[in-house]
Amino acid sequence: MGEEANCNVAMESAAPKENGHTTGGAAAEAKAAAAWAEIAVTDAAAVPKPTPPPAAVAVDPRLQGISDAIRVVPHFPKQGIMFNDITPLLLRPGVFKDAVDIFVERYRGMAIAAVAGIEARGFIFGPAIALAIGAKFIPLRKPKKLPGEVISETYVLEYGTDCLQMHVGAIEPGERVLIVDDLVATGGTLCAAIRLLERAGADVVECACLIGLPKFKDFYKLNGKPVYVLVESREYEK
Ligand SMILES: O=P(O)(O)OC[C@H]1O[C@H](OP(=O)(O)OP(=O)(O)O)[C@H](O)[C@@H]1O
Ligand SMILES: Nc1ncnc2[nH]cnc12
């Protein structure tokens, strides 16, 4: 599997920032269209500029509730990081369900054999999506958690470095896989997950995250795989 690639980010549209997160909702109509971003990331030495959005697309009213339920905590876990906390969303079952449902609506019927969730927060959303679309769930874990034979990938985070591991044999060559996490910042974690799965022969269809940090989107390094994001993060405390 490959080198990390620079990428081209092509969002479906820009969206309004009412409470900080970029979301849909009724107010979206005036300013922008899509509450979610489908971000196509290409391998690229010669990366074209992002293409302008096509015509406005329909806005999903559930996205405003999802955005509202995410808390931004300044300077956690260290100075300068605006931490996007999904735990308030988890306390609201209707909103939690909305988030899962949106992903399920997108991925149902796409012949996805496996959902790979990234530890830890990908474990919150991944299994629910997997069960709903009839796929198996594969945990991609931090080091020294899995008891069997593993393959590993290291990566760089917004605030440190880390490593992901997967059990050998969890995926069959050629199986279509969706990767799920709560948030994409630099894309380093997703990139490591893609590399890990592709080394095992998986066909990675897409990465799905609740939240995207817009300040990084021009720098995603995701080996040509698309990332589907429900809301963009705000950069200030609500
Ligand atoms: O796009 P990136 O820059 O790679 O960052 C995104 C990753 O960072 C967070 O996890 P974290 O590593 O903090 O681990 P945790 O879920 O175990 O807290 C988040 O849940 C993503 O997995
Ligand atoms: N700003 C952020 N909030 C929550 N999780 C993160 N992972 C990387 N950056 C993050």
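Quick look at the values:
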read-out: Matching option when the condition is within 14 Å of the chain's Cα centre (by Cα), aliphatic (A, V, I, L, M) and under 23 Å from PRO93 (Cβ atoms), among ILE124, ILE194, ILE133; value: ILE124
read-out: Matching residues in the range 90-119 - criterion: being under 16 Å from the mean Cα position of the chain (by Cα) and hydrophobic (A, V, I, L, M, F, W, C); value: PHE96, ALA99, VAL100, ILE102, PHE103, VAL104, ALA114, VAL115, ALA116, ILE118
read-out: Among (1) in a helix (DSSP H, G or I); (2) in contact (Cβ under 8 Å) with a residue 12 or more places away in the chain - the single one LEU131 does not satisfy; value: (2)
read-out: Selected residue (only one of GLU237, GLU172, GLU153, GLU198 is at pLDDT 95 or above and in a loop (DSSP other than H, G, I, E, B)); value: GLU172
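The values are calculated or read from the model by the stated rules, or taken from the named source; none is laboratory data. Here the structure is a predicted model, which means the values were calculated and not measured. Here the Cβ is made from the backbone with ideal geometry for all residues, glycine too, and neighbour counts use every protein chain on show.
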